[in-house]
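Have a look at the structure below, then the notes.
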Amino acid sequence: WTTTNLKELGVQISIPKAARLVLNGLRKKGFEVYLVGGCVRDVIMKRPPKDFDVLTTAELREVKQIFSRCEIVGKRFPICHVHVNDSIIEVSSFSTCGRKSINDLNYSLRPPDCDDHDYLRWRNCLRRDFTINGLMLNPFSNRVHDYFGGIKDLKKAKVQTVIPPRLSFTEDCARILRAIRVAARLDFNFSRETAHSIVDLANSVLRLDKGRLLMEINYMFAYGSAQSSLRMLWRFGLLELLLPIQAAYFASQGFRRRDKRTNMLLALFSNLDSHLAPDRPCHNSLWIALLAFHQALVQKPQDPLVIAVFIFALSNGGDLTEAIKIAKAKTHPPDVSFPELLQPQEWCTDEELVNEVLDLASSMNTALSSMTDEYHVAKAMARYPQAPFSDLVFIPLQSYLSVCRVFECVGRKTKESGYEGRRRHKLNYSNLASGSLPDVRFALSQVVLDTLYPPKPKNVSCEDLPED
């Protein structure tokens with residue numbers, strides 16, 4: 001193993017105030033403290049960490065005694081949630097990390113020349129998922145303890161399990177989804193053995209409860225790596241298990257497992273990613289709404305003007321008259337290269353256009369229902385006979401109702417009662433993460449418009465433009 005100073009790695013760490021208060025509070029009581037997991041990995045890669053997790057020699061009951069706003073959560077793997085203002089810092093203990101495992105035989109194989117401190121840290125890291133997540137940082141000495149070659153794998157851009165992958169994924173099948181998420185977010189590859197094990201054991205993720213599946217998928221789609229996650233789920237045979245309707249769409253497009261080309265669903269998710277990041281995520285109602293929006297277009301392709309009116313009405317509280325004026329005023333041509341979009345046509349009357357928009361609004365609800373109903377999901381999978389059968393629905397009723405509220409204003413014909421326009425033209429990420437209806441609608445509108453009317457390349461000179 002290696003112990004390296006952050007300066008040797010050419011990086012500095014900026015620890016948020018909430019995490020610093022927890023670290024300092026534990027250290028003042030005489031306990032050892034470390035930052036662990038993804039935050040150490042992200043610091044070394046100079047990326048914004050999603051959160052800062054703390055590991056300490058204190059018992060969880062001792063942590064609870066130190067911090068007034070603290071609760072112990074979890075039965076199988078208990079940890080402390082320490083509340084500091086509006087933040088929650090997860091604190092785990094060396095003592096509770098020594099859980100029972102099918103890998104227990106390895107714990108007696110103490111490495112040579114290993115003192116008690118190293119053995120404690122090594123044993124903890126041995127039970128983590130991937131080598132790049134098995135790094136441990138002392139925030140007071142800035143020294144990184146690396147017992148399984150995590151820094152080496154970071155340099156190789158490789159996701160590799162700490163223990164043999166088949167054993168690791170059998171021990172905890174959720175690691176399969178975490179592997180996909182980490183590789184997609186970092187644009188990493190898998191070791192050959194890890195990749196084969198993911199494919200072979202993909203079906204095991206169906207053993208996870210629906211709440212856990214929603215959480216894992218949300219981590220993939222809501223933090224700025226939705227497009228790459230979608231591609232990777234498809235590539236490794238997980239999309240047809242978790243999102244069968246989207247898998248059926250990929251199959252209908254003749255989209256191969258390693259395809260580098262794009263389609264409208266990937267374009268929508270790519271534009272979603274352009275607005276999000278690990279430290280500025282969205283509420284799950286946004287990406288669920290995007291899936292429903294796209295599925296509605298798959299079922300019935302639309303004229304770009306109909307979509308534009310729908311989107312402008314969505315962001316202005318449902319005022320279709322105003323939305324039509326704004327949509328018709330756009331001079332930038334739409335991208336009609338996707339089969340979900342029809343060639344633009346001339347509309348005889350605004351009333352005719354309004355009826356098409358209302359029909360589109362209705363089809364959004366139909367598409368959303370099909371994603372949350374086992375019968376409709378099974379019907380979608382019938383178009384994809386070569387895939388493992390799945391009628392999985394993990395989107396809960398609460399999320400379904402939230403997305404219904406996102407779309408319902410367009411079906412009213414008039415402006416939504418109590419609607420107040422947004423005063424700013426930038427996303428409020430705090431509101432977006434909490435699911436604020438105006439902010440989710442605004443973000444959805446931005447993503448769809450960026451897809452429908454992609455911006456012109458910045459570095460195009462006048463000489464490069466085609467003649468009229």
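Only aspartates and glutamates eight or more places from Lys210 in sequence, or on another chain, were considered; those with a Cα closer than 17 Å are Asp172, Glu240, Asp373, Glu374, Asp391. Every helix of 4 or more DSSP H residues in the chain counts as -39500 (n - 2.57), and over all residues that averages to -14000 deg cm²/dmol at 222 nm. Excluding residues fewer than 8 places away in the same chain, name every one of the lysines whose C-alpha is closer than 24 Å to that of Lys152. The qualifying lysines are Lys7, Lys46, Lys50. Modelled spin labels at Glu352 and Val11, positioned 7 Å past Cα toward Cβ, are 5.9 nm from each other. The residue list Ala277, Gln246, Leu342 was ranked by how far each Cα lies along the charge dipole of the chain toward its positive end, using unit charges on Cβ atoms, and Ala277 comes out on top. Which aspartates and glutamates have a Cα lying under 20 Å from the Cα of Lys328, excluding residues fewer than 8 positions away in the same chain? The qualifying aspartates and glutamates are Asp303, Asp319, Glu346, Asp350, Glu351, Glu352, Glu356, Asp359, Asp450. Per-atom-type breakdown for the chain gives carbon and sulfur 49% of the accessible area (1.4 Å probe, protein chains only).
In this structure, the amide hydrogen of Val84, modeled 1.01 Å from its nitrogen in the peptide plane, lies closer than 5 angstrom to those of Ile89, counting only residues at least 5 positions away or on a different chain.
Ligands, DNA and RNA are left out, and with a 1.4 angstrom probe the accessible area of the chain is 48 Å² per residue. In this structure the amide hydrogen of Gly37, modeled in the peptide plane, comes within under 5 Å of the amide hydrogens of Leu135, none closer than 5 places in sequence on its chain.
In this simple spin-label approximation, Thr321 and Tyr119 carry label points 7 Å from Cα along the Cα→Cβ vector, and these lie 8.1 nm apart. Full extension of the chain segment joining Glu193 with Thr2 gains 66.3 nm, where the gain is 0.36 nm per residue of separation less the Cα-Cα distance. Cross-link pairs exceeding 31 Å in C-alpha to C-alpha distance, out of Lys260/Lys300; Lys28/Lys75; Lys260/Lys415, comprise Lys260/Lys415. Rounded to 0.05, the FRET efficiency of the Ala433 and Ala329 pair, given R0 = 45 Å and the Cβ-Cβ distance, is 0.85.
Each Lys or Arg adds one and each Asp or Glu subtracts one; over the other residues with Cβ under 13 Å from the Cβ of Lys50, this totals +1.
The values are calculated or read from the model by the stated rules, or taken from the named source; none is laboratory data. As the structure is a computational prediction, the values presented were derived from the model and not from experiment. Ideal geometry is used to build each Cβ from the backbone, glycine not excepted, and the neighbour counts take in all protein chains shown. Heads up: the accessible areas ignore ligands, DNA and RNA and are worked out on the full protein's heavy atoms, side chains in. Shrake-Rupley method; radii C 1.70, N 1.55, O 1.52, S 1.80 Å.
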